[in-house]
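Everything below concerns the one structure shown next.
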Amino acid sequence: MKKFDPATELNKLEQFGEFGGVNPSITDSATYTFLGAETMVDTFHGETEGCFLYSRHWNPSNKYLSDALAAIEGTESAWVTASGMAAITSAILQLCNTGDHIVSSVTTYGGTFAFLKYYLQKFNIEVSFVIPTDLEALKNAVKPNTKVIYTETVSNPLLQISNIPEMSKIAKKCGAKLIVDNTFSPMMISPYKLGADIVVYSMTKFINGKNDCVAGAICGSQEYINSLIDLNTGTAMLLGPVLDPMRSSSILKNLYTLHIRMKQHSKNAQYLSERFTENGTKVFYPGMKEHPGHELLSSMMNKEFGYGGMIAIDLETKEKAYQFMEKAEKAGVGYLAVSLGYFKTLFSNSGSSTSSEVPEDIQKEMGMSPGLVRFSVGLDNDIENSWELIKNCL
Ligand code: PLP
């Protein structure tokens, strides 16, 4: 069987502008006219193919981007949101009712962790947290009312690897849906093809790659995406976290260079990880043979895109991490900033930034050192020189 190639699937799409433009036209309209009143009623009930009613529901520009994302993921459909958190929260709320239960990885992005641990209490939705690499713990945490199993393919910030095929088996057995946040590893990993039911993204990161907007996406079956935008019961339709069509249009154009960018991010991250290791600095990078998730990731990945652009180094104390980051920014390594997937290298101290919502005792339990510095490695053309700069700051 020919292997799944997300970049080629995307390239097969032919989407034209209104006047034959090579880029689809931008539709910046909130509402749409009809020539027949009956057609409007049918569109309201979702019965008219290709017609648009109101942009909180569907917008042509958002549809183009959603179709492109569905092509990359191999899903039937997708829906784009105004942020990654909007994608994650809508995806979960659509599946859970009061009294339901979720099993989640404990090493998720801090905002996701806070939503699961604190916000969902409002709805009496219980969440059990497990280490994502511990499949036995996951099996034991499942309850009769478990509706969702939630994980990140490559976890934030420790870069642990989730075994998607095995998690999918556990989810299927208990009748729950497996939601996977694939923000760190677009194209590298195709979670839906590995058995996930729903794939969510913060497109703010690698997918857009320009750090000029916040956006998200939910990819899944047609039935599930339709349920999200159901007029009466759809979380996306009723909470309204729709992406602006201007942004959809710019993200769509950036999507077509994602495969090249991922290869370069991965190449640079692999290079730096090897140098950090030689230097005796403790490094977390799944491209290194010593990384506990290396073999698992190798078995799941679309190989040509490499092991991703994220690495973490352990400088033991917060003080050392702060000192290093300030020096590195001055030296021109990149920027001391949260977020990831940018063309320049970004670095931050996870414990005091992107994972600060995670209580210190849980950070400890997760194995997250206070001196952890997370790097989103950029597209540097001369990574040897970047390493020289980094080495001088260590
Ligand atoms: N998922 C992951 C893995 C993230 O790192 C982030 C943000 O940093 C999010 C989700 C949230 O995305 P957004 O900031 O676009 O809402």
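Rolling a 1.4 Å probe across the protein heavy atoms gives the chain an accessible surface of 44 Å² per residue. At q = 0.11, 0.12 Å⁻¹ the log10 of I(q)/I(0) for the chain amounts to -0.78, -0.93, computed by Debye summation with a single uniform scatterer per C-alpha, solvent ignored. Might you work out the accessible area of H57 for me, using a 1.4 Å probe with all protein chains in place, and round it to the nearest 10 Å²? So the heavy atoms of H57 present about 40 Å² to solvent. For the cross-link pairs K169/K193; K139/K177; K344/K364, the ones whose C-alpha atoms lie over 19 Å apart are K344/K364.
About the Cα centre, and with charges only on the beta carbon of Lys, Arg (+1) and Asp, Glu (-1), how big is the dipole of the stretch 350-394? Nearest 20 debye, please. Numbers along the way, then the final one.
Values: 3 positive and 8 negative charges, 16 e Å.
Magnitude of the dipole: close to 80 debye.
Pick out which of M203, M246, M310 has the largest mean-square fluctuation in a Gaussian network model of the chain, springs linking Cα atoms closer than 10 Å. Maximum fluctuation in the GNM of the chain, among the listed residues, is at M246.
Ligands, DNA and RNA excluded, the heavy atoms of F284 present near 40 Å² of accessible surface to a 1.4 Å solvent probe. Reducing the stretch 298-339 and the stretch 210-286 to their Cα centroids gives an inter-centroid distance of 18 Å.
Please give the charge dipole size of the chain, origin at the Cα centre, charges +1 on K and R Cβ atoms and -1 on D and E Cβ atoms. Round to the nearest 20 debye.
Numbers: 34 positive and 42 negative charges, 113 e Å.
Dipole magnitude for the chain comes out near 540 debye.
For the Cα trace of the stretch 43-128, dividing Rg by the Kirkwood Rh returns an Rg/Rh value of 1.05.
Could you work out what % of the accessible surface of the chain is carbon and sulfur, using a 1.4 angstrom probe and leaving DNA, RNA and ligands out of the count?
After summing per-atom areas, the C and S share lands at 52 percent.
Proximity of backbone amide H atoms, modeled 1.01 Å from N, is registered between K177 and V148, I149 at under 5 Å, excluding neighbours fewer than 5 places apart on the same chain. Relative to the Cα centre, the charge distribution of the stretch 193-283, modelled as +1 at Lys and Arg Cβ and -1 at Asp and Glu Cβ, gives a dipole magnitude of about 500 debye. Positive end of the dipole of the chain (Cβ unit charges, origin at the Cα centre): among Q264, G74, N23, the Cα lying farthest that way belongs to Q264.
Considering only alpha-carbon pairs that sit under 8 angstrom and 6 or more positions apart, the relative contact order computed for the stretch 87-174 is 34 percent.
Mind ranking S83, S185 by accessible surface for me, highest first, 1.4 Å probe?
On the way: S83 30, S185 0 Å².
Listed by decreasing accessible area, they come as S83, S185.
In the chain, a dipole from Cβ-located charges (positive for Lys and Arg, negative for Asp and Glu) runs towards its positive end, and of M85, S249, L346 it is L346 whose Cα lies farthest in that direction. Ranking D42, D28 by solvent-accessible area of protein heavy atoms (1.4 Å probe, all protein chains present), from largest to smallest, gives D28, D42. Let a ≥ b ≥ c be the square roots of the eigenvalues of the Cα gyration tensor of the stretch 247-394; is it rounded (a/c under 1.5), or, if not, prolate (a/b larger than b/c) or oblate? Rounded is the answer for the stretch 247-394, as its axis ratio a/c remains below 1.5.
The values are calculated or read from the model by the stated rules, or taken from the named source; none is laboratory data. Keep in mind that what you see is a predicted model, and the values were worked out from it rather than measured. Here the Cβ is made from the backbone with ideal geometry for all residues, glycine too, and neighbour counts use every protein chain on show. Surface accessibility is based on the protein's heavy atoms, side chains included, excluding ligands, DNA and RNA. Shrake-Rupley method; radii C 1.70, N 1.55, O 1.52, S 1.80 Å.
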